[in-house]
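Here is the structure we will look at, set down as structure tokens.
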Amino acid sequence: MSRIGKKAIELPAGVTASVSGQSIEVKGPKGVRNFKATDDVTLTVEENKVSVEPRGKSKRARQQWGMSRTMIANLVTGVTVGFKKELEIQGVGYRATMQGNTLKLNLGLSHDVEVVAPEGVTITAPKQTIIFVEGIDDQAVGQTAADIRAWRKPEPYKGKGIRYKGEFVFRKEGKKK
């Protein structure tokens, strides 16, 4: 039995959900998101709660039960609070600046890297060494942050590069004489 799937999803004030077949649409103050569940689960909306039930006792139905519940909970979180990833830049001469909706990164390469914010995601750089990636879609926010980080991952000797806030970088000892 899925422990996560058993819990009903509470809809906060100002959030509405509507089910049509296997798709659910959640509207909130930050926007509208939708999700299409597989045929292995049943979606129901009662008052201010959304519940997910498996159809049958197959392994796939139980897997989809917990996954669908988590996806719908992410929709509700996205339209109410939103998602945010923070990135830090460490290294001499490494910096980030915003030009419109384009993030310009100076990472010690022979050229400046330009990252255009995808639709539904906003990128801000309040300081030259801090980048915020925000939006209502958890997957898009995480993927954008990962794409930015991939340009210069933190290296293990000096720790230079782009890292998530609070990320631990395993440090290696350098050469000895």
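Structure notes:
- FRET E, pair K165, H111, Förster distance 22 Å, beta-carbon r, rounded to 0.05: 0.25
- Using a Förster distance of 35 Å, the FRET efficiency for K59-Q139 (Cβ separation, nearest 0.05): 0.90
- Cβ-based net charge around Y164, under 9 Å, with every Lys or Arg adding one and every Asp or Glu removing one: +1
- In the frame of its principal axes, the range 65-177 has Cα extents of 58, 35, 19 Å, reported largest first.
- Estimated at 0.36 nm per residue, the fully extended path between I4 and T122 surpasses their Cα-Cα distance by 39.4 nm.
- The chain: angle of helix 138-150 to the longest principal axis, Cα-based, in degrees nearest 10: 20 degrees
- In plain terms, the residue of Y94, Y164, Y157 with the fewest other Cβ atoms within 10 Å comes first and the most crowded comes last, giving Y157, Y164, Y94.
- Size of charge dipole - the chain - debye, nearest 20, with Cβ of Lys, Arg +1 and Asp, Glu -1, no other charges: 1120 debye
- The modelled label-to-label distance between T129 and E86, using points 7 Å beyond Cα along the C-beta direction, is 1.4 nm.
- Simple point charges give the picture: +1 on the Cβ of Lys and Arg, -1 on the Cβ of Asp and Glu, and for the range 3-80 a dipole about the Cα centre of about 400 debye.
- Taking the fewest neighbouring Cβ atoms within 10 Å as the starting point, the ordered list for R152, R171 is R171, R152.
- For E119, E134, order by how many other beta-carbon atoms lie within 10 Å, fewest first: E119, E134
- Label point 7 Å beyond Cα of A73 along Cβ direction - residues of the range 43-58 with amide nitrogen under 20 Å: 43-55
All of the numbers you see were taken from the coordinates with simple rules; none came from a lab. It should be emphasised that the depicted structure is a prediction, and the values quoted were computed from it without experimental measurement. Glycine also receives a Cβ, built like all others from the backbone with ideal geometry; neighbour counts cover every protein chain displayed.
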